[in-house]
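Here is the structure we will look at.
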Amino acid sequence: MPANLEPIYSKQGNTGCVARWLPATTANVKSDGVGTIGTDMLLAFTAGTNGAKMDRIRLAPAASVAATATTGTVGRVYISSVTSGATTNANTFMIAEVALPSQTCDQTTAATSFIDIPLGFVLPAGWTILFSMHHAAAANTSWGAVVFGGDY
């Protein structure tokens, strides 16, 4: 069988949901994929009708009040066949877990550090990338998630 010698390019860029920058503030203390999208699981990306290729997900702390520290926590990234409502460990699978250290946001002398998690795989049509964090965010803070990729 001959190999596919033609490169495959994405047709259209896709950087996640309509808001593009989605702040996570609610805790999900489980890592088994069980949760509720929009409550303790953040919908960060949905593949288009022909699937999508994701490059990376970027996590970054933010604050709405100057010089406010985030809560140190663990961030989790999942792939799922579910786009809304409840998820289970039969349809949602953790693919990455990363430490999200406490950082003081919105200050004048030091910048915060974002965290990039490489993805580099193809997601089937309609599947999603979800994000959760183990501890709830401190008052006036959040961790934002944006996925960089493209639809086929």
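Would you pick out the residues in the stretch 79-95 that are surrounded by 16 or more Cβ atoms within 10 Å (Cβ to Cβ), without any contact (Cβ under 8 Å) to a residue 60 or more places away in the chain and under 13 Å from the mean Cα position of the chain (by Cα)? Listed by number, the residues that qualify are 79, 80. Residues that are touching a Ser or Thr at 6+ places or on another chain (Cβ under 7 Å) and in a strand (DSSP E or B) within the stretch 117-142 comprise 128, 130, 133, 141, 142, listed in sequence order. Whether a residue is part of a strand (DSSP E or B) and either within 17 Å of residue 126 (Cα to Cα) or in contact with a Ser or Thr (Cβ under 6 Å, 6 or more places away or on another chain) (or both) was assessed, and residue 43 passes this test. Scanning the stretch 23-43 for residues that are among the small types (Gly, Ala, Ser) and either at pLDDT 90 or above or surrounded by fewer than 18 Cβ atoms within 10 Å (Cβ to Cβ) (or both) gives 27, 31, 33, 35, 38. Please count how many residues of the stretch 96-105 are part of a loop (DSSP other than H, G, I, E, B) and exposed (fewer than 14 other Cβ atoms within 10 Å of the Cβ). Final tally of qualifying residues: 2. The set of residues in the stretch 96-112 being without any contact (Cβ under 8 Å) to a residue 12 or more places away in the chain and closer than 18 Å to residue 144 by Cα consists of 111 alone.
The values are calculated or read from the model by the stated rules, or taken from the named source; none is laboratory data. None of the values given here were measured: they were computed from a predicted structure. All Cβ positions, glycine included, derive from the backbone under ideal geometry; neighbour counts span all protein chains shown.
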